[in-house]
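The values are calculated or read from the model by the stated rules, or taken from the named source; none is laboratory data. Because the structure is a prediction, the values reported are computed rather than measured. In this analysis, Cβ positions are derived from the backbone assuming ideal geometry, glycine residues included, and neighbour counts consider all displayed protein chains. Accessible surface is based on the protein model in full, side chains and every heavy atom, while ligands, DNA and RNA are left aside. Shrake-Rupley method; radii C 1.70, N 1.55, O 1.52, S 1.80 Å.
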Amino acid sequence: MKNIKLLLVDDEQDFVETLAERLRLRDLGPDVALNGEAALTIVNDSVPDVMLLDLMMPGIDGWEVLERVKIQYPDVQVVVVTGHGSDADRDRAIANGAFAYMRKPVDFDQLVITIMAAYDRKRAMESSMPQAATA
């Protein structure tokens, strides 16, 4: 698998641990944050390529994480993965820069495909950025 810097953000610890283990088996070992505050700290320390983000969390919720990340690091590809979403939430997430929106329970194979597509988009964005001139 590609060397993807992946961040999984969800306050449901059992879900996070299970998903993280399954992703590790696909060589997609994610960093994990159990709340929005921890997610923002991790992002500031080591910007991920792709973030899997729950919306409904105590404290700083996924909406605020999405907004802050897309302002500071617009090339981070955010895949919203939520159990409490609606069509209006999906539209809002996409309008605010999310790469994709998935409802729990997610099909694991489809999630992996989505992560790979998000990573491909990030790489395409990076390659289309003007390179600094070298002397």
Count of region 16-44 residues which are farther than 21 Å from Pro58 by Cα, open to solvent by 60 Å² or more (accessible area, probe 1.4 Å) and without any contact (Cβ under 8 Å) to a residue 40 or more places away in the chain: 4
- line: Taking region 81-106 and the residues there that are surrounded by fewer than 17 Cβ atoms within 10 Å (Cβ to Cβ) and farther than 18 Å from Asp11 by Cβ, the one that is nearest to the chain's Cα centre (by Cα) would be Gly97
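For Ile71, are the conditions met, namely being exposed (fewer than 13 other Cβ atoms within 10 Å of the Cβ), at pLDDT 95 or above and within 16 Å of Leu23 (Cα to Cα)?
It is false that Ile71 is exposed (fewer than 13 other Cβ atoms within 10 Å of the Cβ), at pLDDT 95 or above and within 16 Å of Leu23 (Cα to Cα).
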- prompt: Do any residues in region 97-116 that are within 20 Å of Glu21 (Cα to Cα) have Cβ atoms under 9 Å from those of residues that are among the aromatic types (Phe, Trp, Tyr) and assigned to a helix (DSSP H, G or I), where the two are at least six apart or on different chains, and which pairs are they?
  reply: Lys104/Phe15
query: Where residues in region 116-135 are part of a helix (DSSP H, G or I) and aliphatic (A, V, I, L, M), which of them is surrounded by the most Cβ atoms within 10 Å (Cβ to Cβ)?
result: Ala118
- prompt: What pairs can you find where one residue is in region 49-68 and surrounded by 15 or more Cβ atoms within 10 Å (Cβ to Cβ), the other is of a type in the set (D, E, K, R), and their Cβ atoms are less than 6 Å apart, with a gap of 6+ or different chains?
  reply: Asp49/Lys5; Asp49/Lys122; Asp54/Asp10; Met57/Asp11; Ile60/Glu37; Gly62/Asp54
field: Residues of region 101-130 satisfying the condition of being closer than 19 Å to Leu66 by Cα and charged (D, E, K, R)
entry: Arg103, Lys104, Arg121, Lys122
message: For the condition at pLDDT 95 or above, acidic (Asp, Glu) and under 20 Å from Arg103 (Cβ atoms), what is the one hit in Asp10, Asp49?
response: Asp10
- request: Evaluate region 107-115: report whether one residue or more is closer than 22 Å to Met129 by Cα, surrounded by 12 or more Cβ atoms within 10 Å (Cβ to Cβ) and of a type in the set (A, V, I, L, M).
  value: yes
